[in-house]
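For reference, the structure discussed in these notes is given below.
The values are calculated or read from the model by the stated rules, or taken from the named source; none is laboratory data. Since this is a predicted model, take the numbers as computed values, not measurements. Neighbour counts run over all protein chains shown; Cβ positions are idealised from the backbone, glycine included. Side chains are part of the model used for accessible areas, which takes the heavy atoms of the whole protein and leaves out ligands, DNA and RNA. Shrake-Rupley method; radii C 1.70, N 1.55, O 1.52, S 1.80 Å.
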Amino acid sequence: QRLKLILAVVVLTMALAYFTFTAFQSARVYYLTVGEVLTQTSNGELLRANGKLVPNSFQRNTGETKATFTLTDGTATLAVNYDGVVSDLFFNPQAEIVAEGTYHGQGIFDATDILVKCPSKYVAAEGS
């Protein structure tokens, strides 16, 4: 009787530890800077590119969801193709953008998902 209880507790603890481990593994987010993406070989693996939107680089035809824009890490630039909706925060000059997709070489990144990271603190505008 007691052995069954101990065995059940051990199995339950192991299962809980496994589910906790896998949940944290999938929650970790790895991303590369624009310069690091440009050095990757184009093998079609899923990557996350982190950078800031280059001013005036966003282009989209009226009524379409396909867009092109350029990300930068301050030194290198990466052209991004994306088909989807972008939030207003996307255009905040302080926001960081994480584009998830594949890099096929020649400086072009095909994004399937966009994440906009808001600045952690807001600074008052000059003259306020």
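Here are some notes:
- In the chain, the longest principal axis of the Cα atoms and the axis of helix 2-27 are about 10 degrees apart.
- Residue with peak Gaussian network fluctuation, the chain [Cα springs, cutoff 10 Å], from Tyr82, Tyr18, Tyr103: Tyr18
- Taking all protein chains together and rolling a 1.4 Å probe, Thr22 ends up with roughly 50 Å² accessible.
- Accessible surface ranking that places the most exposed of Thr65, Thr102 first, with a 1.4 angstrom probe: Thr65, Thr102
- When the chain is treated as a Gaussian network with alpha carbon springs shorter than 10 Å, the biggest mean-square fluctuation among Thr39, Thr20, Thr72 belongs to Thr20.
- Its residue count N sets the reference 2.2 N^0.38 Å, and the alpha-carbon radius of gyration of the chain equals 1.52 times that reference.
- Lys4 - accessible surface, heavy atoms, 1.4 Å probe, Å² rounded to 10: 150 Å²
- The region of the chain that goes longest without hitting one of the GluC sites (Glu not before Pro) in a DSSP loop, each with at most 15 other Cβ atoms within 10 Å, is 65-125.
- When the residues Leu71, Leu5 are ordered by accessible surface, computed with a 1.4 Å probe over the protein chains alone, the sequence from largest down reads Leu5, Leu71.
- Under 16 Å from Lys117, Cα to Cα: lysines that are on another chain or at least 8 residues apart: Lys52
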